[in-house]
Amino acid sequence: MAVLHYIHMRDSIRRQQIESGKTSARRRARIVLWSLPVLAALGLGVWLYGVNRHVDTVIAATEERTSQATIAFDELLPTLVQRRIDRENAENEAVRELVYQRTLDGYTTPPTLTNSRCNYLTSHDDPSAIDVLVSKKNCLIPLGYEPTTKTVYGATLQTEAADAYKQMIDAATADGYSIAATSSYRSYASQVSTYRYWLNYSGREEADAYSAYPGYSEHQTGLAADLGTPGCALGCFGRSAAYTWMNENAYKYGFIERYSDGEEAVTGYSYEPWHWRYVGIDTATEYRKSGATTLEEFWGTS
Ligand SMILES: [Zn+2]
């Protein structure tokens with residue numbers, strides 16, 4: 001009996017052991033099963049945290065770079081501006097020279113040291129006289145000369161020239177011709193900006209072709225006017241009836257055609273039928289009688 005009891009006990013213990021082994025295996029499986037989503041959630045959390053940190057770092061780096069770039073640009077800006085100024089200064093060397101001199105001596109002394117283009121006439125060199133000669137080779141002395149002007153019928157001219165211009169326009173109007181100035185007095189400053197514009201726009205060669213060098217324009221004396229008639233300015237004016245009237249009558253009021261056809265070598269300008277110059281009635285009359293076609297030739301200054 002005791003033996004049987006023993007066997008029974010032993011089997012029972014074994015069964016229990018087996019059962020309990022099964023139970024702990026199931027528990028382990030359950031723990032593993034439950035821990036998987038937890039681990040996955042944890043992993044996801046860590047990953048998300050990492051991603052978040054990375055994004056933050058990228059944003060911070062970008063912000064840093066942007067601010068650095070802004071600082072760099074801010075620091076660079078004066079350099080860029082300076083570089084541009086330097087370039088303009090180099091291109092405008094001649095103009096700058098004149099502007100500098102203008103500031104320096106306030107027009108009081110001839111620009112002999114800095115102005116290499118000018119011939120310096122010994123006659124016809126008084127800018128306030130009506131017989132002054134100004135051309136591409138002969139500058140005004142001082143370069144920044146400013147005449148006393150008066151505006152009549154939209155034309156701003158030196159006082160004496162303005163009075164003569166008024167009489168001439170009145171006479172033309174009485175004869176049935178409509179003549180008006182498209183350009184008259186132009187100051188040194190406006191010539192500087194015009195010349196500077198062309199210089200920046202298309203370089204020295206074209207600037208010289210399209211714009212008079214500051215201090216070298218007859219318009220700066222207040223003695224010249226560019227004329228037009230309704231619907232016709234510049235070259236077209238030369239083919240108008242108003243131009244024919246000017247050719248026959250302008251001298252009576254002291255005006256002459258300044259840049260005649262075919263005289264470019266002497267005057268420095270090609271034919272400009274629109275550009276008229278006041279020289280006074282006496283000179284204009286003599287000029288007409290002499291048959292001269294340029295002031296340079298007439299005055300012996302070429
Ligand atoms: Zn002109």
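The values are calculated or read from the model by the stated rules, or taken from the named source; none is laboratory data. Everything quoted here is computed from the prediction, not taken from an experiment. Neighbour counts are summed over all protein chains in view; Cβ atoms, including those assigned to glycine, are modelled from backbone coordinates with ideal geometry.
Quick notes on this one:
- Strands (runs of 3 or more DSSP E) enclosed by the range 189-302 - at least 1 residues per element that are in contact with a Ser or Thr (Cβ under 6 Å, 6 or more places away or on another chain) and of a type in the set (A, V, I, L, M, F, W, C): 224-228
- Residues located in the range 247-262, provided they are crowded, with 16+ Cβ neighbours inside 10 Å and either over 16 Å from GLY235 (Cα atoms) or within 12 Å of the ligand (Cβ to nearest atom) (or both): ALA250, TYR251, TYR253, GLY254, PHE255, ILE256, GLU257, ARG258, TYR259
- In the condition set (1) within 23 Å of GLU160 (Cα to Cα); (2) more than 11 Å from the ligand (Cβ to nearest atom); (3) at pLDDT 95 or above, ALA241 is compliant with all but (1).
- Residue match in the range 215-226 (condition: more than 13 Å from the ligand (Cβ to nearest atom) and over 29 Å from TYR177 (Cβ atoms)): yes
- Qualifying positions in the range 133-155 - crowded, with 21+ Cβ neighbours inside 10 Å and within 27 Å of the chain's Cα centre (by Cα): SER135, CYS139, LEU140, LEU143, GLY144
- Test: ALA209 is of a type outside the set (Lys, Arg), within 16 Å of the ligand (Cβ to nearest atom) and surrounded by fewer than 20 Cβ atoms within 10 Å (Cβ to Cβ): yes
- Residue pairs meeting the criteria (Cβ under 7 Å; at least 6 apart or on separate chains; first within 19 Å of LEU234 (Cβ to Cβ), in the range 198-211; second in a helix (DSSP H, G or I) and of a type in the set (Val, Ile, Thr)): SER211/THR194
- Taking each residue of the range 214-234 that is farther than 17 Å from TYR165 by Cα and in contact (Cβ under 8 Å) with a residue 24 or more places away in the chain and looking for partners that are more than 12 Å from the ligand (Cβ to nearest atom) and of a type in the set (Phe, Trp, Tyr) with beta-carbon atoms closer than 7 Å, six or more apart or interchain, yields PRO214/TYR188; PRO214/TYR195; GLY215/TYR188.
- Flag if VAL279 is among the β-branched types (Val, Ile, Thr) and touching a strand residue (DSSP E or B) at 6+ places or on another chain (Cβ under 8 Å): yes
- Enumeration of residues in the range 244-260 that are in contact with a strand residue (DSSP E or B) (Cβ under 8 Å, 6 or more places away or on another chain) and either farther than 16 Å from GLN167 by Cβ or small (Gly, Ala, Ser) (or both): ASN247, ALA250, GLY254, GLU257, ARG258, TYR259
- When restricted to residues that are within 16 Å of the ligand (Cβ to nearest atom), without any contact (Cβ under 8 Å) to a residue 40 or more places away in the chain and either of a type in the set (Gly, Ala, Ser) or more than 30 Å from TYR243 (Cβ to Cβ) (or both), the range 167-197 contains 1.
- Residues being polar (S, T, N, Q) and modelled with pLDDT of 95 or more - total across the range 261-291: 3
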